[in-house]
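Here the structure comes first, spelled out in structure tokens, and everything after it is commentary.
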Amino acid sequence: MSHFRLTTHLSQIVEDSHTESVIIFIHSADCNGSGRVYDEIKRRLEEKRLIVPIYLVTVQEMPVLSKKIEDFFDIKHESPQVLILNKGKVVYTAHHDAININNFVFE
């Protein structure tokens, strides 16, 4: 069972970020590095070590949402990529090897 939230609407993600911080994980199913980050996030979700909503955006399945995120936040698309939103604003972003799960583990 996946603990990721799924949506095709950026407005839903932004709206949710006004209630609590949310994470957007932009994932590429074709990238080994992205797969490793995906597995680590999933493991921490299953262990209940990540307690904030995480929206999974797989670029091959949701290219329109991925592009909307890039345009709306004016952040160049990379994958894997993590954005943390709070009150509709990006408060943390990282991609590829710069992603440090410990920076967004709210234990």
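Only Lys, Arg, Asp and Glu count, each charged at its Cβ (+1, +1, -1, -1), so figure out the dipole size of the chain about its Cα centre, rounded to 20 debye.
Value, rounded to 20: 140 debye.
What residue among Val59, Val91, Val82 has the largest mean-square fluctuation in a Gaussian network model of the chain, using Cα springs under 10 Å?
Maximum fluctuation in the GNM of the chain, among the listed residues, is at Val91.
Rounded to the nearest 500, what is the chain's calculated 222 nm mean residue ellipticity when only DSSP H runs of at least 4 contribute -39500 (n - 2.57) each, over all residues?
-9500 deg cm²/dmol
Quote to one decimal, in nm, the extra length available between Glu15 and Arg43 on full extension: 0.36 nm per residue of separation minus the C-alpha distance between them.
Gain on stretching Glu15 to Arg43: 7.4 nm.
Fewest first, what order do His27, His3, His95, His18 take by the number of other Cβ atoms within 10 Å?
His18, His3, His95, His27
Can you tell which of Pro53, Pro63, Pro80 shows the greatest fluctuation in a Gaussian network model of the chain with Cα springs below 10 Å?
Its mean-square fluctuation being the largest, the pick is Pro63.
Run the numbers on segment 10-101 and let me know its relative contact order in percent, using alpha-carbon pairs under 8 Å that are six or more apart.
Numbers: 140 pairs, mean separation 35.9, N = 92.
Contact order relative to length: 39 percent.
How large is the Rg to Rh ratio of segment 10-101 when both quantities use alpha carbon positions and Rh follows Kirkwood?
Taking Rg over the Kirkwood Rh, I get 0.93.
No value in this document is a laboratory result; all are computed from the given coordinates. Since we're looking at a predicted model, the values are computed, not measured. Reconstructed Cβ throughout: ideal geometry from the backbone, glycine too, with neighbour counts over all protein chains shown.
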